[in-house]
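Structure record follows, encoded as C-alpha coordinates.
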Amino acid sequence: MRIEVWSDVVCPWCYIGKRRLEAALARFPHRDEVEVVWRSFQLDPGTPEGETHPTLPALAAKYGRPVEDVRQMMRHVEDTAAGEGLRYDLASGVSGNTLPAHEVLHLAAERGLQGAVKERLLHAHFEEGRSVFDADSLAVLAAEAGLDEAEVGTALADHRYRPAVLADIRTARELGATGVPFFVVDRRYGAAGAQPADLLLQVLERAWADAGSLAR
(Lines give C-alpha, C1' and ligand atoms only; values in the text may rest on other atoms or scores of the structure.)
Protein backbone atom coordinates (compact mmCIF):
# COMPACT_ATOMS: atom_id res chain seq x y z
CA MET A 1 0.00 0.00 0.00
CA ARG A 2 1.27 3.47 -0.85
CA ILE A 3 0.17 6.60 1.00
CA GLU A 4 1.02 9.84 -0.75
CA VAL A 5 0.80 12.97 1.35
CA TRP A 6 0.80 16.38 -0.29
CA SER A 7 2.02 18.95 2.22
CA ASP A 8 4.23 21.97 2.77
CA VAL A 9 7.01 22.30 5.33
CA VAL A 10 5.52 25.59 6.60
CA CYS A 11 1.97 24.25 6.95
CA PRO A 12 1.11 23.91 10.65
CA TRP A 13 -1.77 21.54 9.95
CA CYS A 14 0.56 19.34 7.89
CA TYR A 15 2.77 18.59 10.89
CA ILE A 16 -0.36 17.86 12.93
CA GLY A 17 -1.58 15.62 10.10
CA LYS A 18 1.77 13.82 10.03
CA ARG A 19 1.48 12.98 13.71
CA ARG A 20 -2.09 11.76 13.23
CA LEU A 21 -1.06 9.58 10.29
CA GLU A 22 1.71 8.10 12.41
CA ALA A 23 -0.81 7.36 15.15
CA ALA A 24 -3.10 5.65 12.63
CA LEU A 25 -0.24 3.59 11.21
CA ALA A 26 0.80 2.51 14.71
CA ARG A 27 -2.62 0.84 15.03
CA PHE A 28 -2.72 -0.56 11.48
CA PRO A 29 -1.92 -4.30 11.45
CA HIS A 30 -0.28 -4.10 8.00
CA ARG A 31 1.87 -1.03 8.67
CA ASP A 32 5.06 -2.88 7.64
CA GLU A 33 3.62 -3.13 4.13
CA VAL A 34 2.86 0.59 3.84
CA GLU A 35 5.05 3.08 1.99
CA VAL A 36 4.60 6.77 2.82
CA VAL A 37 5.65 9.24 0.12
CA TRP A 38 5.77 12.97 0.82
CA ARG A 39 4.64 15.04 -2.16
CA SER A 40 5.28 18.72 -2.78
CA PHE A 41 2.73 21.49 -2.32
CA GLN A 42 3.21 25.22 -1.77
CA LEU A 43 0.92 27.31 0.41
CA ASP A 44 2.43 30.57 -0.81
CA PRO A 45 4.22 30.07 -4.14
CA GLY A 46 4.23 33.79 -4.85
CA THR A 47 6.95 34.58 -2.31
CA PRO A 48 10.22 35.29 -4.16
CA GLU A 49 12.90 32.71 -3.48
CA GLY A 50 15.47 33.87 -1.00
CA GLU A 51 13.15 36.36 0.71
CA THR A 52 11.57 35.84 4.11
CA HIS A 53 9.02 37.80 6.12
CA PRO A 54 7.27 37.53 9.50
CA THR A 55 4.25 35.26 9.20
CA LEU A 56 1.83 37.02 11.57
CA PRO A 57 1.51 40.42 9.86
CA ALA A 58 1.58 38.77 6.42
CA LEU A 59 -1.42 36.58 7.28
CA ALA A 60 -3.27 39.53 8.78
CA ALA A 61 -2.77 41.47 5.55
CA LYS A 62 -3.71 38.46 3.41
CA TYR A 63 -7.03 37.91 5.17
CA GLY A 64 -7.75 41.56 5.95
CA ARG A 65 -8.00 40.80 9.66
CA PRO A 66 -6.54 42.57 12.71
CA VAL A 67 -3.25 41.12 13.88
CA GLU A 68 -4.77 40.16 17.22
CA ASP A 69 -7.49 38.13 15.48
CA VAL A 70 -4.86 36.20 13.56
CA ARG A 71 -2.84 35.73 16.72
CA GLN A 72 -5.90 34.17 18.35
CA MET A 73 -6.36 31.81 15.41
CA MET A 74 -2.72 30.82 15.79
CA ARG A 75 -3.28 30.04 19.45
CA HIS A 76 -6.06 27.65 18.46
CA VAL A 77 -3.70 25.84 16.08
CA GLU A 78 -1.00 25.79 18.76
CA ASP A 79 -3.43 24.19 21.20
CA THR A 80 -4.35 21.55 18.62
CA ALA A 81 -0.67 20.89 17.92
CA ALA A 82 0.02 20.52 21.63
CA GLY A 83 -2.55 17.74 21.71
CA GLU A 84 -0.29 15.87 19.26
CA GLY A 85 2.85 16.52 21.30
CA LEU A 86 4.05 19.46 19.17
CA ARG A 87 5.22 22.80 20.58
CA TYR A 88 4.44 25.66 18.20
CA ASP A 89 5.15 29.38 18.47
CA LEU A 90 3.39 30.49 15.31
CA ALA A 91 3.26 34.22 16.07
CA SER A 92 7.07 34.33 16.02
CA GLY A 93 7.30 32.40 12.76
CA VAL A 94 8.89 33.42 9.47
CA SER A 95 7.64 32.52 5.99
CA GLY A 96 9.39 32.17 2.65
CA ASN A 97 9.44 30.20 -0.58
CA THR A 98 9.60 26.45 0.04
CA LEU A 99 10.60 25.22 -3.42
CA PRO A 100 14.19 24.52 -2.28
CA ALA A 101 12.94 22.54 0.72
CA HIS A 102 10.83 20.37 -1.56
CA GLU A 103 13.83 19.81 -3.83
CA VAL A 104 15.73 18.50 -0.82
CA LEU A 105 12.85 16.15 0.00
CA HIS A 106 13.00 14.67 -3.50
CA LEU A 107 16.72 14.06 -3.09
CA ALA A 108 15.99 12.48 0.28
CA ALA A 109 13.44 10.16 -1.33
CA GLU A 110 16.10 8.87 -3.71
CA ARG A 111 18.41 8.20 -0.77
CA GLY A 112 15.76 6.43 1.31
CA LEU A 113 15.68 9.22 3.89
CA GLN A 114 12.61 11.21 2.94
CA GLY A 115 10.69 10.52 6.15
CA ALA A 116 13.63 11.54 8.33
CA VAL A 117 14.30 14.73 6.36
CA LYS A 118 10.62 15.68 6.30
CA GLU A 119 10.46 15.36 10.08
CA ARG A 120 13.69 17.33 10.49
CA LEU A 121 12.46 20.26 8.39
CA LEU A 122 9.07 20.43 10.09
CA HIS A 123 10.63 20.25 13.54
CA ALA A 124 13.20 22.90 12.64
CA HIS A 125 10.60 25.33 11.32
CA PHE A 126 7.85 24.91 13.90
CA GLU A 127 9.66 23.98 17.09
CA GLU A 128 13.15 25.44 16.72
CA GLY A 129 12.54 28.60 14.70
CA ARG A 130 15.27 27.66 12.21
CA SER A 131 15.24 28.63 8.55
CA VAL A 132 14.06 26.11 5.97
CA PHE A 133 14.29 28.60 3.12
CA ASP A 134 17.97 29.06 2.19
CA ALA A 135 20.39 26.54 0.74
CA ASP A 136 22.92 26.70 3.57
CA SER A 137 20.30 26.07 6.27
CA LEU A 138 18.65 23.29 4.29
CA ALA A 139 21.98 21.54 3.69
CA VAL A 140 22.79 21.57 7.41
CA LEU A 141 19.34 20.32 8.43
CA ALA A 142 19.33 17.61 5.78
CA ALA A 143 22.78 16.47 6.91
CA GLU A 144 21.46 16.20 10.47
CA ALA A 145 18.88 13.76 9.08
CA GLY A 146 21.48 11.68 7.25
CA LEU A 147 21.98 13.25 3.82
CA ASP A 148 25.37 14.35 2.52
CA GLU A 149 25.63 18.10 3.04
CA ALA A 150 27.71 18.71 -0.09
CA GLU A 151 25.31 16.70 -2.25
CA VAL A 152 22.38 18.74 -0.95
CA GLY A 153 24.19 21.96 -1.83
CA THR A 154 24.96 20.74 -5.34
CA ALA A 155 21.38 19.57 -5.93
CA LEU A 156 20.01 22.94 -4.82
CA ALA A 157 22.45 24.79 -7.03
CA ASP A 158 21.59 22.92 -10.23
CA HIS A 159 17.87 22.46 -9.41
CA ARG A 160 17.87 18.89 -10.69
CA TYR A 161 14.76 18.09 -8.63
CA ARG A 162 12.78 21.21 -9.54
CA PRO A 163 10.84 19.44 -12.36
CA ALA A 164 9.78 16.69 -9.94
CA VAL A 165 8.58 19.27 -7.40
CA LEU A 166 6.52 21.08 -10.03
CA ALA A 167 5.10 17.76 -11.24
CA ASP A 168 3.89 17.01 -7.70
CA ILE A 169 2.17 20.39 -7.55
CA ARG A 170 0.46 19.79 -10.91
CA THR A 171 -0.70 16.36 -9.79
CA ALA A 172 -2.22 17.86 -6.65
CA ARG A 173 -4.32 20.18 -8.82
CA GLU A 174 -5.35 17.27 -11.06
CA LEU A 175 -6.46 15.30 -8.00
CA GLY A 176 -8.50 18.24 -6.78
CA ALA A 177 -6.36 19.22 -3.80
CA THR A 178 -7.00 22.83 -2.85
CA GLY A 179 -5.27 22.64 0.52
CA VAL A 180 -3.00 20.44 2.58
CA PRO A 181 -2.41 18.00 4.09
CA PHE A 182 -3.97 15.86 1.39
CA PHE A 183 -3.73 12.09 1.85
CA VAL A 184 -4.11 9.69 -1.09
CA VAL A 185 -4.01 5.91 -0.68
CA ASP A 186 -3.09 3.88 -3.78
CA ARG A 187 -4.48 6.72 -5.93
CA ARG A 188 -7.98 5.44 -5.11
CA TYR A 189 -8.88 6.84 -1.70
CA GLY A 190 -8.34 10.30 -0.29
CA ALA A 191 -8.67 12.37 2.85
CA ALA A 192 -8.30 16.13 2.92
CA GLY A 193 -7.11 18.06 5.94
CA ALA A 194 -5.52 17.01 9.23
CA GLN A 195 -8.11 14.35 9.87
CA PRO A 196 -8.25 12.50 13.22
CA ALA A 197 -6.18 9.34 13.48
CA ASP A 198 -9.36 7.26 13.77
CA LEU A 199 -10.62 8.46 10.40
CA LEU A 200 -7.25 7.93 8.73
CA LEU A 201 -7.17 4.41 10.13
CA GLN A 202 -10.61 3.75 8.65
CA VAL A 203 -9.34 4.89 5.23
CA LEU A 204 -6.34 2.55 5.51
CA GLU A 205 -8.49 -0.39 6.56
CA ARG A 206 -10.96 0.16 3.73
CA ALA A 207 -8.19 0.49 1.16
CA TRP A 208 -6.55 -2.69 2.42
CA ALA A 209 -9.80 -4.63 2.40
CA ASP A 210 -10.74 -3.43 -1.07
CA ALA A 211 -7.29 -4.28 -2.40
CA GLY A 212 -7.72 -7.81 -1.07
CA SER A 213 -11.09 -8.10 -2.78
CA LEU A 214 -9.61 -7.00 -6.09
CA ALA A 215 -6.81 -9.52 -5.77
CA ARG A 216 -9.20 -12.45 -5.35
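The values are calculated or read from the model by the stated rules, or taken from the named source; none is laboratory data. Predicted model, so just to flag it, every value in this text is computed and none were measured. Here Cβ is always computed from backbone atoms with ideal geometry, including for glycine, and neighbour counts include all displayed protein chains. Calculation scope for accessible area: heavy atoms of the full protein, side chains included, ligands and nucleic acids excluded. Shrake-Rupley method; radii C 1.70, N 1.55, O 1.52, S 1.80 Å.
So the values come out like this:
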quantity	calculated
Which listed residue, of Thr178, Thr171, is more than 14 Å from Leu105 (Cα to Cα) and in a helix (DSSP H, G or I)	Thr171
Selection status of Glu205, under 27 Å from Pro29 (Cα atoms), open to solvent by 70 Å² or more (accessible area, probe 1.4 Å), in contact (Cβ under 8 Å) with a residue 24 or more places away in the chain and assigned to a helix (DSSP H, G or I)	yes
Those residues of segment 125-163 which are among the charged types (D, E, K, R) and not in a helix (DSSP H, G or I), in sequence order	Arg130, Asp134, Asp148, Arg160
Selection count where residues are within 13 Å of Glu127 (Cα to Cα) and open to solvent by 80 Å² or more (accessible area, probe 1.4 Å), scope segment 69-91	2
Positions within segment 163-188 being surrounded by 17 or more Cβ atoms within 10 Å (Cβ to Cβ) and farther than 23 Å from Ala81 by Cα, in sequence order	Ala164, Val165, Asp168, Ile169, Thr171, Ala172, Val185
Test: residue in segment 1-22 that is surrounded by fewer than 19 Cβ atoms within 10 Å (Cβ to Cβ), more than 17 Å from the chain's Cα centre (by Cα), of a type outside the set (Phe, Trp, Tyr) and closer than 23 Å to Leu204 by Cβ	yes
Residue, least open to solvent (accessible area, probe 1.4 Å), within segment 145-162, restricted to residues that are farther than 19 Å from Val10 by Cα and among the charged types (D, E, K, R)	Glu151
Residue satisfying all of: in segment 23-68; assigned to a loop (DSSP other than H, G, I, E, B) and charged (D, E, K, R); farthest from the chain's Cα centre (by Cα) among these	Arg65
Any hit, segment 33-51, residues being of a type in the set (S, T, N, Q) and either open to solvent by 60 Å² or more (accessible area, probe 1.4 Å) or without any contact (Cβ under 8 Å) to a residue 60 or more places away in the chain (or both)	yes
Out of Val140, Val117, sole residue that is buried (at least 23 other Cβ atoms within 10 Å of the Cβ) and β-branched (Val, Ile, Thr)	Val117
Residues (of a type in the set (Ser, Thr, Tyr) and under 18 Å from Leu122 (Cα atoms)) located in segment 136-159	Ser137
Residue within segment 87-97 that is more than 15 Å from the chain's Cα centre (by Cα), in a helix (DSSP H, G or I) and of a type in the set (D, E, K, R) present	no
